[in-house]
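Each value in this text was obtained by applying a stated rule to the coordinates, not by laboratory testing. The structure presented is a predicted model; accordingly, all values stated were derived computationally and were not measured. Cβ atoms come from the backbone with ideal geometry, glycine included; neighbour counts cover every protein chain shown.
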């Protein structure tokens, strides 16, 4: 009886090992492979996809979602979540546009105003989550509603227009053929990668997301690390709001609806775990690029915007399902 049992376990032990190896291979190379396959299909379907002009369009489209995704990566790594990103984009865009009228202030002023408003909201989110001990979902949901209301109050419910040419230059200009927003995303991504990999605070952030109790027992200031993550996420949402206002030529209080879902989807697709402690900026950028390419491809194929929302919904659910599978 023992011999039969041992033989059965030996024969059944190999397939799981192979499955584990395949799972590791897919977790490492699955996203780049999916990017290549999707690009190949879109190039075959639409002759305009593999053009330089379309590549510039994709870079402009993913810059805002990429900035939001980089910021929310920091929050997700701590095991939290931020649902207020879309509303913060609107509020910070309105705030920046209010200081960007011709002849009033130099362009650094509205940019700093937008970033600082996002930073302040992020700090408030972090304090409510840590000091107030409110669940991140509820805390940031409240901020999402409050920030949208503040954007409508500050703008009087109307878009803030008549922006200076120097402010509009942020989204319109290019350097060596590359849009300025894409360069901003590149700089932010590199700095965030250095922060996560090369600094003590970055390592502490991973530790907090991996095991908060163990991190606290080892002497890590868990509260400060979480507040820092939410603060940086809010600041990047502010920068995204500035870029969006410059691109749209107005500070729109109704902008940014559901932007947080696209950002979280990009991060999870990029391999960052919703439970915290696992992920990185490289995967986040690939996830944002994949989302941008899919959106661009659907536009090139003239897919109705309503159906595009359905596709995004399936992508989000699929990303979360894959995250659960990998963690198990």
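The mean sequence separation of alpha-carbon pairs under 8 Å and at least six residues apart, normalised by the residue count of segment 62-323, gives a relative contact order of 37 percent.
Calculate the FRET efficiency for residue 51 and residue 308 from the Cβ-Cβ distance with a Förster distance of 25 Å, rounded to the nearest 0.05.
Details: r = 21 Å, r/R0 = 0.85.
Efficiency computed from Cβ-Cβ geometry: 0.75.
Largest GNM mean-square fluctuation across 91, 68, 289, computed for the chain with C-alpha springs under 10 Å, falls on 289. Length gained on full extension, residue 301 to residue 131, computed as 0.36 nm times the residue gap minus the Cα-Cα distance: 56.3 nm. Annotation for residue 216 and residue 37: the two label points, set 7 Å from Cα along the Cα-Cβ direction, are 4.3 nm apart. Measuring between their Cα centroids, segment 259-318 and segment 138-176 lie 23 Å from each other.
Before rounding to the nearest 500, sum -39500 (n - 2.57) across all DSSP H runs of length at least 4 in the chain and divide by the residue total; then give [θ] at 222 nm in deg cm²/dmol. Don't skip to the answer; put the middle values down first.
Values: 13 runs with 252 residues, N = 328.
The per-residue figure over the chain is -26500 deg cm²/dmol.
Taking the 0 to 90 degree range and rounding to the nearest ten, how far is the long axis of helix 222-248 tilted relative to the main principal axis of the chain, both from C-alpha atoms? Once rounded, the angle reads 50 degrees. Where in segment 285-308 does the label zone of residue 44 land, with the point 7 angstrom along Cα→C-beta and an amide N cut-off under 15 Å? Under 15 Å, as judged by backbone N against the label point of residue 44, lies no residue of segment 285-308.
Would you mind putting 171-178, 73-80, 191-198 in packing order, based on average other-beta-carbon counts within 10 Å, highest first?
Values: 171-178: 12.0, 73-80: 27.6, 191-198: 14.6.
Top of the packing list down: 73-80, 191-198, 171-178.
Stokes-Einstein, applied to the Kirkwood radius of the chain over Cα pairs at a viscosity of 0.692 mPa s and 37 °C, places its translational diffusion at 157 µm² s⁻¹. Going by neighbour counts of Cβ atoms within 10 Å, the residues 84, 189, 166 line up, fewest first, as 166, 189, 84. Sorted on the mean count of surrounding Cβ atoms within 10 Å across their residues, most packed first, peptides 257-267, 300-310 read 257-267, 300-310.
Could you please state, rounded to a whole Å, how far the C-alpha centre of segment 67-102 is from the C-alpha centre of segment 180-248? Each part reduced to its Cα centre gives a spacing of 12 Å. Among 287, 238, 202, the largest mean-square fluctuation in a Gaussian network model of the chain (Cα springs under 10 Å) belongs to 202. A full extension of the chain between residue 257 and residue 146 corresponds to an added length of 38.6 nm, given 0.36 nm per residue minus the alpha carbon distance.
The angle between the Cα long axis of helix 200-210 and the main principal axis of the chain comes to about 60°, on a 0 to 90 degree scale.
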